[in-house]
Amino acid sequence: MPPVQRIYMTGFMGVGKSSVTPRVAKRLGFSSVDLDDGIVQHLGMSVPGIFEVLGEPIFRETEWKLLQECATRPSVVVSLGGGTLGNPDALKLCLETGLLIYLRAAPESLARRLSRSRHTRPKLFGPDGTMLKGQALEDRVRLLLEERKSVYEKAKIVIDVDGLSAFQITEKVLSAIKRGSA
Ligand code: S3P
């Protein structure tokens with residue numbers, strides 16, 4: 001396998017993409033990009049603010065534009081948003097320009113992690129504009145994961161992360177990259 005120029009980390013919200021990405025990048029001597037941070041910087045607003053004021057289509061347009069910029073950079077690990085690959089062009093770009101890695105977790109553990117996380121994900125908000133809780137949160141996670149998992153599973157490498165620390169996930173990712181497959 002030729003040396004990998006770019007690694008794209010995908011997976012559901014809360015799976016740990018943002019904490020694993022800089023660790024993997026550091027170990028490889030690559031730079032690290034968090035797509036959500038890039039969008040927030042570019043539009044000068046928080047993610048919930050962008051969804052509320054500008055609307056999801058503007059968020060997705062910006063996400064796509066910034067991903068295309070990442071795809072021209074050498075030696076980079078990119079943490080995608082959980083919904084980035086909903087755009088078929090984004091999936092194609094990631095598959096063609098780098099190594100796509102899916103961090104996979106079960107819906108129950110995702111819901112558990114998300115309920116403890118910062119409540120900044122509009123896709124998990126209820127009708128009152130605040131984050132869903134308990135069974136309603138788990139139901140939303142299941143639904144979105146069901147819609148998205150066939151796309152996530154197009155990744156070249158799939159890593160099961162349930163019960164693992166960021167350190168352990170990083171080790172698994174690095175050895176899978178070395179082997180070229182999981
Ligand atoms: C989204 C995931 C978020 C962020 C936005 C939408 C999604 O990123 O891009 O809230 O549609 O799954 P994380 O996966 O980093 O939370």
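FYI, it's all coordinate maths here, none of it is from the lab. Worth saying up front: this structure is predicted, and the values here are computed from it rather than measured. Backbone-built Cβ (ideal geometry, glycine too); neighbour counts: all protein chains shown.
Sequentially through region 156-171, phi angles give Karplus couplings (6.51, -1.76, 1.60; θ = phi - 60°) of 6, 10, 10, 10, 7, 10, 4, x, 9, 7, 4, 4, 5, 5, 4, 4 Hz, Gly and Pro residues having no value and appearing as x.
The label point for Leu95 and the one for Ile58, both projected 7 Å from the Cα toward the Cβ, are 3.3 nm apart. Over 20 Å apart: what share of the alpha carbon pairs of region 5-162 falls there, rounded to a whole percent? Counting pairs separated by more than 20 Å, the tail of P(r) holds 48 percent. With r as the distance between the Cβ atoms of Gln135 and Gln5 and R0 = 35 Å, compute the FRET efficiency 1/(1 + (r/R0)^6) and round to 0.05. Step by step, r from the Cβ atoms, then E = 0.20. Charges were assigned to the Cβ only: +1 to each Lys and Arg, -1 to each Asp and Glu. The resulting dipole of the chain about its Cα centre is roughly 660 debye. Taking a straight Cα-Cα cut-off under 16 Å and skipping sequence neighbours fewer than 8 places away in the same chain, the aspartates and glutamates within cross-link reach of Lys65 are Asp34, Asp36, Asp37, Glu56, Asp89.
Taking Cα atoms only, the orientation of helix 134-152 departs from the longest principal axis of the chain by about 40 degrees.
Taking amide hydrogens as placed 1.01 Å from N in the peptide plane, the amide H of Tyr8 sits under 5 Å from those of Val78, Leu99, Leu100, Ile101, each at least 5 positions away in sequence or on another chain.
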